Each structure stands twice: as C-alpha cells, then as structure tokens.
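Worksheet: the structure to be examined is printed underneath.
The values are calculated or read from the model by the stated rules, or taken from the named source; none is laboratory data. Everything numeric in this text was worked out from a predicted model, so none of it was measured. Surface accessibility is based on the protein's heavy atoms, side chains included, excluding ligands, DNA and RNA. Shrake-Rupley method; radii C 1.70, N 1.55, O 1.52, S 1.80 Å.
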Amino acid sequence: MSTIVHYECRSLDHLRAGSRRGEGGLVIHHGTVGYCDGLHVDEAHRWVATGGVPIEVLVGTAPGIDPGTYRADDGSLVHVRPSASGKMLVEVDGGRPSKRGDLRVAVKLSDDPDWLSDLPFVAAGFLVD
C-alpha cells in the first residue's frame, strides 16, 4: 500500500538541494503526512496541501519552470534560461534584494529570458534542477 501525502514542501532552497527520490523525507505535519524532496535540508519548510496523493506522484516531480522573464511579488524581474549543464539558470534583477527562498514568482511576462534585462542587477543568479 502506498503512503498518502497531504502536504508537500515547496521551499525553493529545499528544491534546489537535490532530490532524495522518495528515500526518507516523510514528516508528520498538522497530524498528517508531509513530504520534503530536498536532501540535507533545514526545518524551514514551505508546506503546500496536495489534497492527498500517493508519494509516487510527488517523487521526481519538482515543479518545472519554463524559460522566460517573470515578475516576482517584490517587483523584481526573474530571468530563467537553460545553462550549459542542462539545469535552469535563474537571475534576479531590480526590486529589493531578498533571500532566494523568499522570492515568489507572480506572473510570466515574456518567453524571452532577456526581456528588459537592462535593469540594474541586484541579486546573484543560481541554478535550479
């Protein structure tokens, strides 16, 4: 019988930490089962309700992000493009600097990852699996 997971951790820092592919990562959250896919992570989870799904649905299904330019909720632009290694490169410019795990992308503005990229560069880029 499969484990039913009611909450999934969507912390960007945890998602970038590499996948545990279902080996461990189950926790009790609000009296039900939660799952964090990140390897060697801290306790700063960001739980999202799943509605109750088998763990097999969650393993290896980290949310993908399409290349393009996005607006974050703090006003900054987020440029997403593939890197040479095959991972997604995420660059943040404009807006106020924030911790990467706190950045929430609100809306996609363009399929062009260089759209309006002449704004002052504020935060360092990072790779996402």
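Some values worked out for this structure:
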{"item": "With DNA, RNA and ligands ignored, accessible area of ARG71 (1.4 Å probe; Å², nearest 10)", "result": "80 Å²"}
{"item": "Under 5 Å, built H, 5+ apart or other chain: amide partners of THR50", "result": "TYR7, GLU8"}
{"item": "Global size of the range 1-72 as Cα Rg and Dmax, reported in angstrom", "result": "12.5, 42"}
